[in-house]
Amino acid sequence: MKTRNTIFIIEYAKGSDKGFDGFRPDTKAILREIEKETKYKTEIVFFRPNKKYKLLDYLKKNAHAVISRINPGNLKQVDEYFQFLKALGDEGVEIHTHPDVMINLDFKDILAKLKGTRLGDDESYFYHKFSDFASKFPNDLKKHGIRVLKTNYGSTGEGVYLVRLQDDGSIVSTEAVNNEKYFYDDIHEFISKFEVNFQDDSEYAEYFEGKTGFVGCRYLERISEGEIRVLLVNDKPISVVHKKPQEGEFSATLFSGAKYKYESPSEGKWKDVVTLTTKGLKDLKPYLKGQNYPLLWTMDYILDYNKDGSDKYVLSEINCSCVGITTELQYAKDVAKVFVK
């Protein structure tokens with residue numbers, strides 16, 4: 001039997017994450033480090049839905065491991081791709097990151113599932129159906145005056161809304177991706193016009209069943225100070241990133257103009273958030289479904305205050321489907337060390 005001695009990176013041919021050569025700018029750096037650190041060969045392949053069975057056979061014969069470097073937002077049928085990765089995993093190929101893990105951690109509903117843990121916020125709620133949203137959200141908004149709505153699966157601020165109840169009963173909704181504002185006469189008009197954002201479950205979905213909808217979260221005013229991102233390789237924090245939004249904006253994504261600053265997780269000022277992250281891994285373990293922690297992933301936090309006035313870190317999202325290190329290629333070495341046997 002032929003030895004499966006190659007580690008593959010799987011990319012998608014389309015998307016805004018490509019360099020001039022058609023590949024993600026961090027792909028070749030990761031593969032170079034793997035060849036330096038291990039005895040494995042490396043190769044880049046592209047996932048094309050109309051040729052997936054041919055690719056599946058090729059990878060079954062040759063792959064020791066595959067590293068998925070596809071932003072699912074670039075795919076029309078994400079569920080189809082997840083099933084493809086699972087089929088490879090069922091053949092004994094190492095999958096980084098396994099779709100069973102991505103479906104649990106990379107979706108915003110994890111914020112609601114973590115209620116009652118050190119990572120969870122008790123004011124988070126997942127509205128799966130529009131009927132649930134229409135009946136519950138008006139009371140949530142009335143209670144808090146302002147809420148953040150996050151589509152259950154999205155990236156770069158897309159599908160994230162800051163919804164504010166005005167004194168006169170009108171509603172102002174701000175979309176994070178472009179900071180565009182929308183105005184509504186009252187909650188009834190807002191609810192009615194927001195219905196188009198809810199999608200029905202696809203009858204063909206295996207992984208995505210029950211995953212449509214929005215998560216409602218508290219608005220944390222200290223977002224103006226930026227988000228704190230802990231970058232991890234498996235269960236090891238390798239960097240802390242301070243994501244500072246543009247003046248007057250509430251989105252801390254690169255696409256909205258935020259500035260990123262990478263620092264060592266061993267720096268004293270990040271001790272509390274790194275400790276929370278490492279201890280919180282136990283709370284996430286049940287959602288791994290027996291798989292490893294993601295290969296390259298992040299846990300993002302927004303600052304709040306404890307009752308004694310000290311800093312409190314509130315988990316705002318987890319990203320593990322295709323975290324980029326384009327501007328910090330030195331972290332490719334940390335990724336490569338995972339494959340050292």
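One residue stands out among those in region 81-96 that are touching a Phe, Trp or Tyr at 6+ places or on another chain (Cβ under 9 Å) and open to solvent by 20 Å² or more (accessible area, probe 1.4 Å): the one that is farthest from Thr6 (Cα to Cα), which is Gln83. Filtering region 1-28 to residues that are more than 21 Å from Glu91 (Cβ to Cβ) and over 22 Å from the mean Cα position of the chain (by Cα) leaves Phe20, Asp21, Gly22, Lys28.
Any idea how many residues of region 99-109 are open to solvent by 10 Å² or more (accessible area, probe 1.4 Å) and of a type in the set (Val, Ile, Thr)? Looking only at that region, the number is 1.
If you filter region 55-75 down to residues that are in a helix (DSSP H, G or I) and modelled with pLDDT of 95 or more, you find that the one that is least open to solvent (accessible area, probe 1.4 Å) is Leu59. Among the conditions (1) more than 21 Å from Tyr153 (Cα to Cα); (2) at pLDDT 95 or above, Val101 misses just one, which is (1). At least 3 residues being buried (at least 16 other Cβ atoms within 10 Å of the Cβ) and at pLDDT 95 or above is the threshold, and among the strands (runs of 3 or more DSSP E) wholly inside region 250-341 those reaching it are 296-305, 311-319.
The set of residues in region 163-180 that are assigned to a strand (DSSP E or B), modelled with pLDDT under 95 and within 20 Å of Leu220 (Cβ to Cβ) comprises Thr174, Glu175.
Take Val78 and decide whether it is modelled with pLDDT under 95 and open to solvent by less than 40 Å² (accessible area, probe 1.4 Å). So Val78 passes the test.
Residue-wise test of (1) in contact (Cβ under 8 Å) with a residue 12 or more places away in the chain; (2) touching a helix residue (DSSP H, G or I) at 6+ places or on another chain (Cβ under 6 Å).
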{"position": "Ile9", "(1), (2)": "yes, yes"}
{"position": "Arg32", "(1), (2)": "yes, no"}
{"position": "Lys51", "(1), (2)": "no, no"}
{"position": "Asp57", "(1), (2)": "no, no"}
{"position": "Ala63", "(1), (2)": "yes, no"}
{"position": "Ile70", "(1), (2)": "yes, no"}
{"position": "Leu75", "(1), (2)": "yes, yes"}
{"position": "Asp100", "(1), (2)": "yes, no"}
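Just give me the residues in region 110-124 being buried (at least 22 other Cβ atoms within 10 Å of the Cβ), not in a helix (DSSP H, G or I) and not hydroxyl-bearing (Ser, Thr, Tyr), in sequence order. Within region 110-124, Leu119 is the sole residue that qualifies. In region 125-169, the residue that is nearest to Gln199 (Cα to Cα) out of those that are buried (at least 20 other Cβ atoms within 10 Å of the Cβ) and among the basic types (Lys, Arg) is Lys150.
Filtering region 148-190 to residues that are touching a residue at least 60 places away in the same chain (Cβ under 8 Å) and among the hydrophobic types (A, V, I, L, M, F, W, C) leaves Val148, Leu149, Val160, Leu162, Ala176, Val177.
The values are calculated or read from the model by the stated rules, or taken from the named source; none is laboratory data. Remember, predicted model here, so these are calculated numbers, not experimental data. Note: ideal-geometry Cβ built from the backbone for every residue, glycine included; neighbour counts use all protein chains shown. All accessible areas refer to the heavy atoms of the entire protein, side chains included, with ligands and DNA or RNA removed. Shrake-Rupley method; radii C 1.70, N 1.55, O 1.52, S 1.80 Å.
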